[in-house]
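The values are calculated or read from the model by the stated rules, or taken from the named source; none is laboratory data. This is a predicted model, so every value here is computed, not measured. All Cβ positions, glycine included, derive from the backbone under ideal geometry; neighbour counts span all protein chains shown.
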Amino acid sequence: MLSQFKKLTPLLNRVVIKRSEALKKSAGGILLPEASERDVNVGEVVSARPGGYDDFGNFQATSLKPGQKVLLPSYGGTQVEFSSQKLSIYKDSEILAVLE
């Protein structure tokens, strides 16, 4: 259904994340057949909005920018498939850390 659209832009304080690929082989050469994308807690910010207003009317800016690598929680986010890519949408506050 989303394939007919050209751009996916999150609203308010949400960010679109592309999870990193799961390792298929260990550093020692052992195949990892049961590795899945849900096992990977690292991703890259694809798109982010400037922020949104909290319950008290104060503007809270989003602290993430496209291209940043982030640490994701094990569960949460909304999974979508857009332009043959599997993406996740999280609130800015759900992201655990920025990786450098």
### Task
Any residue in region 79-100 that's free of Cβ contacts under 8 Å to residues at least 12 places away in the same chain: show its pairings with residues that are crowded, with 16+ Cβ neighbours inside 10 Å and among the hydroxyl-bearing types (S, T, Y) at Cβ separation under 9 Å, as long as the two are six or more apart or on different chains.
Q79/S88
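Of all residues being in a strand (DSSP E or B), within 12 Å of the chain's Cα centre (by Cα) and surrounded by fewer than 17 Cβ atoms within 10 Å (Cβ to Cβ) in region 38-76, which is modelled with the lowest pLDDT? Just the residue, please. Quick ask: steps written out before the conclusion?
First, pick out the residues of region 38-76 that are in a strand (DSSP E or B): 42-48, 51-53, 59-61, 69-71.
Subset that is within 12 Å of the chain's Cα centre (by Cα): 42-48, 69-71.
Filter again for surrounded by fewer than 17 Cβ atoms within 10 Å (Cβ to Cβ), leaving 42, 44, 69, 71.
Numbers: V42: 91, E44: 94, K69: 95, L71: 94.
Result: V42.
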### Hits in region 79-100 (condition: exposed (fewer than 12 other Cβ atoms within 10 Å of the Cβ), of a type in the set (S, T, Y) and not in a helix (DSSP H, G or I))
S83, S84
